[in-house]
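What follows is a set of notes on a single structure, which appears directly below.
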Number of protein chains: 2
Amino acid sequence: MGFQTGMMMDAPLTITAILRRAAQFFPEKEIVSRLNDGSIHRYTYADLYRRVIRLMHVLRNLGVKPGDRVATFAWNSYRHLELYFAVPCLGAILHTVNIRLFPEQLTYIFNHAEDRLIFADKSLAGLLTPLQSELKTVEGYVLMDDRGEAPAALPGPAWDYEELLASASDVEAFPCLDENMAASICYTSGTTGEPKGVLYTHRSLYLHTMACCMGDTMDIREREIVLPVVPMFHANAWGMPYACAMAGATQVLPGSHLFGKPLAELIERERVTIAAGVPTVWNLLYQYLQQHPHDLSRLKVILSGGSAVPRVLFENYTRDYGITMIQAWGMTEMSPLGSLCRLKASMEDWPEEQQLAVRMKQGIPTVNVEVKLLGEQGEELPWDGKQAGELAVRGPWVACAYYANADANAAFTQDGWFRTGDIATLDAHGYLEITDRKKDVIKSRGEWISSVDMENAVMGHPAVLEAAVVGRLDDLRGEAPVVYIVLRHPDQPLPPQEVLDVLKARFARWQLPRQTDIHVVASLPKTGVGKVDKKAIRRNLTE
Amino acid sequence: MGFQTGMMMDAPLTITAILRRAAQFFPEKEIVSRLNDGSIHRYTYADLYRRVIRLMHVLRNLGVKPGDRVATFAWNSYRHLELYFAVPCLGAILHTVNIRLFPEQLTYIFNHAEDRLIFADKSLAGLLTPLQSELKTVEGYVLMDDRGEAPAALPGPAWDYEELLASASDVEAFPCLDENMAASICYTSGTTGEPKGVLYTHRSLYLHTMACCMGDTMDIREREIVLPVVPMFHANAWGMPYACAMAGATQVLPGSHLFGKPLAELIERERVTIAAGVPTVWNLLYQYLQQHPHDLSRLKVILSGGSAVPRVLFENYTRDYGITMIQAWGMTEMSPLGSLCRLKASMEDWPEEQQLAVRMKQGIPTVNVEVKLLGEQGEELPWDGKQAGELAVRGPWVACAYYANADANAAFTQDGWFRTGDIATLDAHGYLEITDRKKDVIKSRGEWISSVDMENAVMGHPAVLEAAVVGRLDDLRGEAPVVYIVLRHPDQPLPPQEVLDVLKARFARWQLPRQTDIHVVASLPKTGVGKVDKKAIRRNLTE
């Protein structure tokens, strides 16, 4: 034995270790689930552990072997959480399927992942019924009674989750796992091409989980009561199910009740301290709270990601409720956490306006995420907060390829960095700001206009609920911005000149849209994960 | 490519990544060092980074190759911190040598580790001078001018640190490292046998660093100003040098000024928020502060470890300064963090007395540390807070063997667990309490008496500054406790009966020492790391 290799235990980083930690040190802590009929289910990590043991036997009994894919089609609830543990702890691969995808996308990914089983909430199973003849590898369905209405026709041969559990053994049987084994797979609902699968390892998820519990990232601790509004079928619910278990935090799982009233009630009654979800959720919640006051005094932090948080939302929550909105940025390809925006200590004394300018950025990359900015020729750009380039990332929880999808793998370059497709700046303090998706950037007179910046500016107008900006071909400028607006009160018209007045304060004359390119619409098209579907908007423009 | 292996980047966990993170995201944050003459040196992580680059070239120029050992013999200061990074980033192995060891121990470990170079503070180099002819592998010395007095004779051929740095290249040259490569080595000053070397890997140190930044462990964050009084030559300074760099926290390095007045001044002036060290340090600081008030209002948390914290110290700091003392437990074999004591949320409403009873335990094992309690036959004991057994641990930052020391490796059993040699209980909440070292436990009438419990009880008497309890052979009881007491005010005698009265409230009659076994002494013998040397006390007893 020489000195080259250290002499530390070869202890793998696995989902099993997270589960056991929760059961050993936090057996009394609660997992609270809201079911489809609005009722509340409560149990503890000790209960979770006992049921995961049984569920592992259920999976074995159904023939699931290490490496097999097991799909979920479910809301955030305790049964979904049980699958989050049981499938990877068995050495099999958890495939969390986005229930909001279109039928042809669902068919594509079930077949592409070659799922053997689908565990579906009863209230959602109807969405699968029409697909059944198309699914080539699925051998059966396990229905989870979430107190929702069952579909008229089941998707196929189906068992009841609770019946299977009741008859399964309760003897602990954890296989030895290697940390580089696959633990789960999630498909990006990419706005271009077919969905692309990202295959996480036990190691990548474990490191991500530790990072979520770090003070300067999500700061998930034992004392917190955490509400992931972000769905467990979307990017690992930003890592919260595992992070809460590792820390022993209480989890509050909202089921299908994601907006306004039920959310306000759940936060108040369960005394939630940290909530996480996309800006739309917080926008709608704020609207609701203005009309229907609730006691949100326990809620300290709202983590928001998925798209840029409008400035007015930061201001509203701070002013009216003393809640800090913290912006995070991530990608399915990154497990998903990439950066998170907290002020540095030196910024605590800054004027509010300057602090807000920092808070509107996506923040400092987390540990385990290395970043660089690439110019159009692939050259590295300086971190001056001005020069925008394509963001490239590297780290142990970043994908090195998509699963079985050679066409899409150009983003994973030979040099070991992943090209995110996001256009960003980095400033001297190390704060990242995503200015656009590469494909959404508007190139006018040879210069870039950030569609995200322009949307934020438009949303600063009090009459505006949502806004989207895309480019159209323009003979003179190359591309010119087109603005779509959804009004807060559709019966109160908004003259285009008012929008232009708002924009003039922030954009150069040559960057402004024409008056005739400012449109008020009833709604904006959305993708399966609730983001504005700019591809659809552009398609409309050219038709 | 199948599904068995996930598709995440193969990004190693290395000390280099920690260094680069500090330089990229926190270049402006400070490292403050107190030098031997009391003066203060300040610079930033950007400065540290530039000097580490040069130091790596210095090491290369001196012929250091990957796997080579480079020893440090220094107080906590910025140059020591530079070595913490430069040596492992080069693929070489940092050997932090405890300056308080006896000459024969020093000779043993320099030779055992086969160090090629020793980097020594000028004020400490004199301790090495007499060893020089004994050191078989050391090729040279690099002296670091800490503004201390240089020895009359140098230990051997010596270079000046700053001169070497000034003439070295400033071109970045980081080798690719594997995370399982050795990064550093530290010897336990074991009270039995020769010192034993623990060989850490980049991976183990990196995971340990992440854990130190988790909210429920040390909670090292960007906003903190951290004072490691625990020496950088002792168990990696509990992981603080790397954790501060990863988080971007300010580091305040106290040099040789570890007690009372200079510590109080440093905490006040640098507005320290978290300090870490052994109970003796905090006991002496408290004594000093009682006579000489200082503004310690910024200090929120004192992390204390190395030996049990007397109850009265918890009470004093909370009552007089609003400072929370948090007890941690660890071992050199564990990198060193094993557990840390924070109250669970449900305990926040408990009566103070009950909370204190929890705080006096060593707390919940951290992530990456699995624990079990073993009875005398090796059977696993329940977690009932009563049954005491030997604590066994497992995890990615626990040693799997001592370096080149087959004799000592019995503690590393075939089943993959490390027997700590600590006797402990675990309660239903998962809190660990170390009741004794296995060799210090007193076996009386076939039952165990915890020497630690009895010492704590004795130290509860206001006249007592320090206490040690060991067992002596006793015809009737097998072993009987013998109590040694150091008085706070040596001129005010303490009748043995008063000590017995204190003990009667907590111990059964058969457990009590005889009056004639209660001794007041001027001081207690200490080991090289400042712990009470019970082996020496027992030796005295039998002589």
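The values are calculated or read from the model by the stated rules, or taken from the named source; none is laboratory data. What you are looking at is a predicted structure, and each value in this text was computed from that prediction instead of being measured. Note that we place each Cβ from the backbone using ideal geometry, even for glycine, and neighbour counts take in every protein chain shown. All accessible areas refer to the heavy atoms of the entire protein, side chains included, with ligands and DNA or RNA removed. Shrake-Rupley method; radii C 1.70, N 1.55, O 1.52, S 1.80 Å.
From the square roots a ≥ b ≥ c of the eigenvalues of the alpha-carbon gyration tensor of the protein assembly as shown, which class results: rounded (a/c under 1.5), prolate (a/b over b/c), or oblate? Prolate, because a/c is 1.5 or more and a/b exceeds b/c. Using a 1.4 angstrom probe on protein heavy atoms only, the contact between B and A buries about 6000 square angstrom of accessible area, both sides summed. Shortest first, residue B:531 label-point distances to identical copies amount to 5.4 nm, with the label point at 7 Å from Cα along Cα→Cβ.
Taking every alpha-carbon pair under 8 Å whose residues sit at least 6 apart, chain B reaches a relative contact order of 10 percent. The calculated P(r) of chain B, using every Cα pair and 10 Å bins from 0, goes 3, 17, 28, 27, 16, 6, 1, 0 in percent. When DSSP beta bridges are restricted to pairs lying wholly in the range B:131-281, around 45% turn out antiparallel. Under 1.5 on a/c is rounded, so check that first for the range B:440-542, then, if it is not, pick prolate when a/b is larger than b/c and oblate when it is not; a ≥ b ≥ c are the square roots of the alpha carbon gyration tensor eigenvalues. Judged from the Cα gyration tensor, the range B:440-542 comes out oblate (a/c at least 1.5, b/c at or above a/b). The alpha-carbon of residue B:443 sits under 20 angstrom from the alpha-carbons of these aspartates and glutamates, leaving out residues fewer than 8 places away in its chain: B:376, B:379, B:390, B:422, B:433, B:453, B:455, B:474, B:475, B:479, B:517, B:533.
Averaging Cα coordinates gives a centre for the range B:142-207 and one for the range A:443-489; these two points are 57 Å apart.
Among the chymotrypsin sites (Phe, Trp or Tyr not before Pro) in the range B:135-226, none sits in a DSSP loop with a Cβ that has at most 11 other Cβ atoms within 10 Å.
Measuring only protein heavy atoms, the 1.4 Å probe finds residue A:118 accessible over about 0 Å².
Once the 1.4 Å probe is applied to the protein heavy atoms, the range B:15-108 comes out at 27 Å² accessible per residue. Just the protein heavy atoms count here, and of the accessible area of the protein assembly as shown at 1.4 Å, carbon and sulfur take up 50 percent. Legend: Rg and Dmax of the range A:349-454, from Cα coordinates, 15.0, 51 Å. The long axis of helix B:202-212 is offset from the longest Cα principal axis of chain B by roughly 60 degrees.
For the range B:350-358, backbone phi angles converted through the Karplus equation (6.51, -1.76, 1.60; θ = phi - 60°) give residue-by-residue couplings of 5, x, 4, 4, 5, 4, 4, 4, 6 Hz, Gly and Pro being listed as x. A simple rule links phi to the HN-Hα coupling: the Karplus curve 6.51 cos²θ - 1.76 cosθ + 1.60 with θ = phi - 60°, which for the range B:303-312 gives 8, 10, x, x, 7, 5, 8, x, 3, 4 Hz, with x for Gly and Pro. Using a 7 Å projection from Cα along Cα-to-Cβ, the label point at residue A:172 is separated from the same position in the remaining copies by 4.6 nm, smallest value first. Once the Cβ-Cβ distance of residue A:295 and residue B:162 is raised to the sixth power relative to R0 = 51 Å, the FRET efficiency obtained is 0.25. Computed from point charges on the beta carbon alone (+1 for Lys and Arg, -1 for Asp and Glu), the dipole magnitude for the protein assembly as shown about its Cα centre is near 280 Debye. Between this copy and the others, label points of residue B:350 are 4.2 nm apart in ascending order, each placed 7 angstrom from Cα in the Cβ direction.
For residue A:182, the residues whose amide H sits under 5 Å from its own are B:5, B:6, ignoring neighbours fewer than 5 places away on the same chain, with H placed 1.01 Å from N. Measuring nothing but how far apart in sequence close Cα pairs (under 8 Å, 6+ apart) lie, relative to its length, the range B:440-542 scores a relative contact order of 26 percent.
Here the 3J(HN,Hα) profile of the range B:394-408, calculated from phi with Karplus coefficients 6.51, -1.76 and 1.60 at θ = phi - 60°, is 8, x, x, 10, 9, 4, 9, 5, 8, 5, 6, 8, 4, 4, 8 Hz, Gly and Pro shown as x. Relative to the longest principal axis of the Cα atoms of chain B, helix B:260-270 runs at roughly 50 degrees. Note on B:362-371: average number of Cβ atoms from other chains within 10 Å of each residue's Cβ is 4.
Under 5 Å from the amide H of residue A:196 lie the amide H atoms of A:188, A:190, each residue being 5 or more positions distant or on a separate chain, with H modelled from the backbone and absent for Pro and chain starts. Could you give the angle, 0 to 90 degrees to the nearest 10, between helix B:103-113's Cα long axis and the longest principal axis of the Cα atoms of chain B? Here the helix axis deviates by roughly 50 degrees. Under a 5 Å amide H cut-off, with hydrogens placed 1.01 Å from N, residue B:72 pairs with B:95, B:96, B:97, B:119 among residues at least 5 apart or on other chains.
Take the range A:440-542 with all the other protein chains still there, run a 1.4 Å probe, and you get 50 Å² of accessible area per residue.
With 30 Å² as the minimum drop in accessible area between chain alone and full protein complex (1.4 Å probe), the qualifying residues in the range A:1-34 are A:3, A:4, A:6, A:7, A:8, A:9, A:11, A:13, A:21, A:24, A:25, A:28.
Rounded to the nearest 0.05, the FRET efficiency derived from the C-beta distance between residue A:472 and residue A:354 at R0 = 45 Å is 0.80.
For residue B:535, a cut-off of 15 angstrom between C-alpha atoms picks up these aspartates and glutamates, skipping any fewer than 8 places away in its own chain: B:194, B:436, B:440, B:543. Pairs of lysine residues in the range A:15-365 that meet both criteria, 8 or more places apart or on different chains and Cα atoms under 24 Å apart, total 10.
Cβ-Cβ distance of residue B:65 and residue B:376, R₀ of 45 Å, FRET efficiency by 1/(1 + (r/R0)^6): the value works out to about 0.40.
Using a ≥ b ≥ c from the Cα gyration tensor of the range B:26-151 (square roots of the eigenvalues), is it rounded, prolate or oblate, where a/c under 1.5 gives rounded and otherwise the larger of a/b and b/c decides, a/b for prolate? It comes out oblate by the Cα gyration axes. Averaged over the residues of B:207-217, the number of partner chain Cβ atoms lying within 10 Å of the residue Cβ comes to 6.
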